[in-house]
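First the structure, in the form of structure tokens, and then the observations on it.
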Amino acid sequence: MILLKKDFIFQDVNKLDGVGQKLSKYLKKKKIEKIKDIILNLPYSETNRTRIFKIKELEIGKINTIKVKVKKLNFPRIRNLPNKITCEDETGKIDIVYFNSREGYLRKIFPYDQWVIISGKVNYFRNKYQMTNPDYVTELNNQDYVLQNIPKYNLTKGINEKKYRAISEQVTKKLPKINDWLSEDFVKSHNLLNWNECFQRLHTTDESKDIKSKSFRRLVFDEICANFLTLSENRKRVKKTKVSKSFSESTSKKIIAKLPFNLTQSQKIVLEDINQNLRKNERMFRIIQGDVGSGKTIVSLLSIANVIEAKYQCALMGPTEILAQQHFDLAKKIFDNTNFVVEFLSGKTDTNKRKIILDNLKNGKIDLIIGTHALFQKKITFKKLGFVIIDEQHKFGVKQRSELARKGGDNCDVLLMSATPIPRTMMMSLYGDMDISKITEKPISRKKIITLSKPEKKTDELWIFIKKQIKEDNQIFWVCPLIEESKILDYASAKKKYDLINKKFPNKVGLIHGGLSKEEKNNVLKKFLNKELSILVSTTVIEVGIDFPNANLIIIENANKFGLAQLHQLRGRVGRGNKESTCILLFKEGLSKNSIKRIKILKESDDGFYIAEEDLKLRGFGDLLGYQQSGQKTFRYADPLLHKDLFELAESFILNQNEKINEKKYDFLLKLFDKAEIINTDEI
Ligand code: ADP
Ligand code: MG
């Protein structure tokens with residue numbers, strides 16, 4: 001037996017009795033590497049082995065426990081025949097059958113004419129009860145070990161219940177006493193449990209299956225806190241002091257005066273947030289959250305004007321070539337009457353041009369560089385980089401964000417822009433390290449998008465409508481259902497649709513899907529942008545940010561395959577010009593109640609944040625857009641929907657903390673949830 005110390009649980013599993021190289025390998029497959037992972041690996045159910053059954057009462061197909069006398073041991077010398085031990089109680093007989101077990105071992109655990117306790121799954125074979133490779137066989141004086149409700153864990157090949165139990169009980173039954181980081185008062189008043197009791201109960205009762213149980217809620221609260229603490233620490237690290245930027249806004253004001261529209265109130269507020277932040281001597285680490293079409297780009301360009309005025313260089317990065325190119329075109333137009341030097345750089349920029357650009361970034365001749373992630377290559381150095389803006393950043397996790405902040409250098413402010421609507425509960429967990437500016441209103445000039453739904457079999461009714469649109473020189477998106485994992489299937493369905501539509505409107509239809517190379521995709525998109533094509537059949541490969549001012553009809557097939565938030569983003573591809581736009585959702589027949597509800601929400605609202613909240617309610621956390629896209633699984637136990645109150649509690653708890661996080665108090669918590677490493681990376 002081992003005495004557990006607090007730090008012990010952060011050691012490798014092979015420190016436990018009975019865990020050798022082979023077993024560690026199997027455990028690793030289940031992501032159990034450290035001893036604490038055993039604590040966090042909760043049982044999903046339990047097996048009741050408490051009752052001793054008489055043989056005549058046995059339940060075929062179930063796991064039963066029996067107390068029987070060993071009556072006959074049979075070890076056939078013929079290969080492939082199993083070893084068989086016949087046992088009995090006063091009500092009947094049972095055969096215990098073993099494949100591949102050694103005779104010596106079996107003779108030891110089945111002493112002739114002695115009573116034994118056996119627990120395993122009951123079969124019935126040739127008119128006889130039988131157990132094959134039972135889970136437990138033990139002598140009577142050890143029966144208490146078996147006669148229990150035994151937790152069931154998700155296991156993998158190579159580890160059976162008995163083996164895992166022998167390992168896990170070394171930990172779960174003797175958890176080290178932890179100095180709880182939550183006070184007793186706090187725990188009590190919020191109906192939680194202290195740490196030790198919580199984990200004890202999670203492994204020894206069925207509370208791990210009850211997400212509302214005190215113990216599970218405590219675990220969830222800890223997980224959320226670990227996440228928030230990490231972000232809050234990241235925030236402190238990033239927001240170091242910098243030289244404040246000074247500018248008069250004269251250029252940006254001139255630009256605003258010349259815009260063909262008035263900035264929305266929201267845009268003005270966000271711009272002011274940013275300006276204040278630029279002028280502060282604390283680095284900016286901010287995200288603009290604004291629905292598709294809310295006008296984030298112009299806000300970023302106006303801030304850029306200010307930073308250039310303050311004599312710093314700026315870098316604006318888009319997620320794809322085409323989107324970056326659009327930003328570049330807009331920047332050229334907007335900065336037309338200034339002396340700003342603006343350049344474009346992507347993976348496709350030719351070598352000579354590239355060399356010149358790199359030189360000019362280094363010697364400071366370029367004020368603004370716009371491009372793809374090619375901008376962040378090591379080789380690229382700036383003379384005086386002061387501002388980095390990243391558009392549509394949903395693919396960045398916390399770690400990448402802090403790396404990004406580091407790249408810019410000490411005086412570099414960082415601004416991210418995202419159109420991925422995040423429900424309120426998730427805001428802190430995803431962006432707790434950043435300041436958040438929200439653009440909440442859309443330009444007034446924007447025409448509403450009419451959203452309709454139609455059963456698929458009535459697709460024919462659309463052709464007239466489509467013809468009319470084409471005649472009026474409008475453009476159309478036709479989005480095909482997709483199964484994300486399968487590029488081939490995507491292609492097949494989009495291709496089929498393309499063939500069909502192309503027959504009806506020859507030479508007017510383009511096709512774009514995930515199977516195309518970047519270059520091919522760009523070519524098709526450019527053709528569509530240049531109005532050489534009227535209809536673009538696509539999977540969801542076209543990113544949301546691109547401006548297609550002339551597209552005013554989007555048809556989405558098999559619309560119930562998509563989440564609400566995603567439908568909303570797809571819909572946002574139209575309605576960017578000044579024409580009235582339509583979004584048609586095609587469904588397979590027989591809409592479910594849920595689908596009807598979803599359509600209703602989309603028809604009623606064009607507020608991405610509202611839709612994200614509803615999406616969360618309807619689909620649950622796991623399917624949330626942005627959550628999936630970010631590729632990071634933020635929580636293992638916490639669910640923003642089911643534990644909303646705990647998210648709120650954790651938020652106020654963290655905000656009210658005066659202690660520094662790197663105080664020892666939270667070490668254990670952060671290590672438990674693998675957050676310590678994120679915090680302990682090099683200084684930024
Ligand atoms: P997003 O926030 O999705 O990136 P964009 O910045 O691409 O949105 O803006 C979408 C369109 O709206 C652009 O064509 C832009 O010129 C226009 N726009 C931006 N702000 C306004 C405004 N205040 N009034 C009218 N149109 C605007
Ligand atoms: Mg955009």
>> Please determine whether any residue of the stretch 175-183 is part of a helix (DSSP H, G or I) and surrounded by 12 or more Cβ atoms within 10 Å (Cβ to Cβ).
In response: no
> Is there a residue being in contact (Cβ under 8 Å) with a residue 24 or more places away in the chain, under 30 Å from THR230 (Cβ atoms) and either open to solvent by less than 10 Å² (accessible area, probe 1.4 Å) or outside any strand (DSSP E or B) (or both) anywhere in the stretch 460-477?
Replying inline: no
>> Go through (1) out of contact with any helix residue (DSSP H, G or I) (no Cβ under 6 Å at 6 or more places or on another chain); (2) in a loop (DSSP other than H, G, I, E, B); (3) more than 16 Å from ligand 1 (Cβ to nearest atom) for GLY514 and report which single condition fails.
In response: (1)
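Taking the stretch 257-277 on its own, how many of its residues are part of a helix (DSSP H, G or I) and surrounded by fewer than 19 Cβ atoms within 10 Å (Cβ to Cβ)? Please lay out each step first, then the result.
At the first step, the residues of the stretch 257-277 found to be part of a helix (DSSP H, G or I) are 257-258, 265-277.
Of the ones still in play, those that are also surrounded by fewer than 19 Cβ atoms within 10 Å (Cβ to Cβ) are 257-258, 265, 268-269, 272, 275-276.
Final tally of qualifying residues: 8.
Results for (1) in a helix (DSSP H, G or I); (2) within 14 Å of ligand 1 (Cβ to nearest atom); (3) at positive phi, shown as yes or no for each residue.
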{"site": "LYS526", "(1), (2), (3)": "yes, no, no"}
{"site": "LEU533", "(1), (2), (3)": "no, no, no"}
{"site": "VAL574", "(1), (2), (3)": "no, yes, no"}
{"site": "ASN594", "(1), (2), (3)": "yes, no, no"}
{"site": "ILE601", "(1), (2), (3)": "yes, no, no"}
> Which condition breaks for LYS188 when tested against (1) outside the structural domain of CYS87 (by TED's automatic domain parsing); (2) open to solvent by 20 Å² or more (accessible area, probe 1.4 Å); (3) in a loop (DSSP other than H, G, I, E, B)?
Replying inline: (3)
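Here is a list: LYS280, LYS258. Which entry is more than 28 Å from ASP410 (Cα to Cα) and either more than 15 Å from ligand 1 (Cβ to nearest atom) or not aromatic (Phe, Trp, Tyr) (or both)?
Residue meeting the stated conditions: LYS258.
Is it the case that ILE109 is under 16 Å from ILE63 (Cβ atoms) and of a type in the set (A, V, I, L, M, F, W, C)?
So ILE109 fails the test.
From LEU202, LEU193, grab the single residue that is in contact with a Ser or Thr (Cβ under 9 Å, 6 or more places away or on another chain), among the aliphatic types (A, V, I, L, M) and open to solvent by 10 Å² or more (accessible area, probe 1.4 Å). Working first, answer last.
Working: LEU202 fails: open to solvent by 10 Å² or more (accessible area, probe 1.4 Å).
The match here is LEU193.
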> Only one of (1) at pLDDT below 90; (2) crowded, with 21+ Cβ neighbours inside 10 Å; (3) within 16 Å of ligand 2 (Cβ to nearest atom) fails for ALA559. Which number is that?
Replying inline: (3)
> How many residues are within 27 Å of ASN360 (Cβ to Cβ) and either in contact (Cβ under 8 Å) with a residue 40 or more places away in the chain or not in a helix (DSSP H, G or I) (or both) when one looks only at the stretch 278-300?
Replying inline: 6
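Just the residues that are within 37 Å of the chain's Cα centre (by Cα) and surrounded by 19 or more Cβ atoms within 10 Å (Cβ to Cβ), please, taken from the stretch 326-340.
So the first thing to find is which residues in the stretch 326-340 are within 37 Å of the chain's Cα centre (by Cα), and the list is 326-332, 334.
Selection gives GLN326, HIS327, PHE328, ALA331, ILE334.
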> For the stretch 208-257, how many residues are modelled with pLDDT under 95, farther than 30 Å from GLU46 by Cβ and among the charged types (D, E, K, R)?
Replying inline: 7
>> Given the condition surrounded by fewer than 18 Cβ atoms within 10 Å (Cβ to Cβ) and under 31 Å from the mean Cα position of the chain (by Cα), answer yes or no: does some residue in the stretch 141-153 qualify?
In response: yes
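Looking at ILE322, ILE357 in this structure, which one is at pLDDT 95 or above and among the β-branched types (Val, Ile, Thr)? Before you say what the answer is, go through the steps one by one.
Values: ILE322 fails: at pLDDT 95 or above.
One residue alone meets the criteria, ILE357.
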> For the stretch 294-320, which residues satisfy the criterion of being within 16 Å of ligand 2 (Cβ to nearest atom), under 12 Å from THR372 (Cα atoms) and buried (at least 21 other Cβ atoms within 10 Å of the Cβ)?
Replying inline: LEU316, MET317, GLY318, THR320
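Residues that are under 22 Å from GLU90 (Cβ atoms), modelled with pLDDT of 95 or more and not β-branched (Val, Ile, Thr): find the strands (runs of 3 or more DSSP E) completely inside the stretch 113-169 holding 3 or more of those.
Working: elements: 115-125, 128-132, 136-139, 149-152.
The strands (runs of 3 or more DSSP E) meeting that bar are 115-125, 128-132.
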> Under the condition of being more than 16 Å from ligand 2 (Cβ to nearest atom), open to solvent by 30 Å² or more (accessible area, probe 1.4 Å) and more than 30 Å from the chain's Cα centre (by Cα), which residue from the stretch 523-552 is nearest to ASP473 (Cα to Cα)?
Replying inline: LYS531
> Any residue at all in the stretch 117-132 that is polar (S, T, N, Q) and open to solvent by less than 40 Å² (accessible area, probe 1.4 Å)?
Replying inline: yes
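The values are calculated or read from the model by the stated rules, or taken from the named source; none is laboratory data. Note that this is a predicted model, so its numbers are computed, not measured. FYI the Cβ positions are ideal-geometry reconstructions off the backbone, even for glycines, and counts take in every protein chain you see. Just the protein is used for accessible areas: all its heavy atoms, side chains included, with ligands, DNA and RNA removed. Shrake-Rupley method; radii C 1.70, N 1.55, O 1.52, S 1.80 Å.
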